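Worksheet: one structure, shown below.
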Amino acid sequence: MRQVGFINIIFIITLLFVIIALGLLFNNNIPPTPLNIAIIIATAFGIFVLLKLVLVAKYNVSRLILAFVNFIGFMIVLIGTAVPFIFGFATINILIAIGIAVSGFFLIMSAQITRAVINTADYAREILIKLSQK
């Protein structure tokens, strides 16, 4: 029931975007070529999908962002371990490499902790659904 309400709100927001975009298109004397109208419709469809993903999906955007943060963390660790090989094994380079690698590990750790919190929220919702069905 709640999901249907969100879909209606998302559809109304998308429809308002199309109406405003078409109004701006015609008021600015831009010719309404099929390409311009197709761009507006494609953008509206993108807005609809993005809003549906953000408002309706179960933490899918958070999981996507966390996957990106985790990837960035691993890249930072790789950069940190490559510093001594690129710039030499001087003491300062090794200290810089350790600092970079540790910051990457902290980024990975924070992404994994956040993922665990999101999974816990998902499991709690599933438990609540099962208990309310009894």
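General remarks:
- Residue pairs whose Cβ atoms lie under 7 Å apart, sitting 6 or more positions apart in sequence or on different chains, and linking a residue in segment 85-97 that is under 18 Å from Phe74 (Cβ atoms) to a partner that is part of a helix (DSSP H, G or I) and among the β-branched types (Val, Ile, Thr), are Ala97/Thr81; Ala97/Val83.
- Residues satisfying the criterion are present in segment 89-105 (criterion: assigned by TED's automatic domain parsing to the domain that holds Asp122 and outside any helix (DSSP H, G or I)).
- Single match in Val18, Val56, Val83, Val61 (criterion: at pLDDT 70 or above, of a type in the set (A, V, I, L, M), surrounded by 11 or more Cβ atoms within 10 Å (Cβ to Cβ) and within 30 Å of Thr120 (Cβ to Cβ)): Val61
- Taking the conditions (1) surrounded by 13 or more Cβ atoms within 10 Å (Cβ to Cβ); (2) modelled with pLDDT of 75 or more; (3) among the aromatic types (Phe, Trp, Tyr) in turn, Phe68 satisfies each one other than (1).
The values are calculated or read from the model by the stated rules, or taken from the named source; none is laboratory data. Here the structure is a predicted model, which means the values were calculated and not measured. Virtual Cβ from ideal backbone geometry, glycine too; neighbours counted across all protein chains shown.
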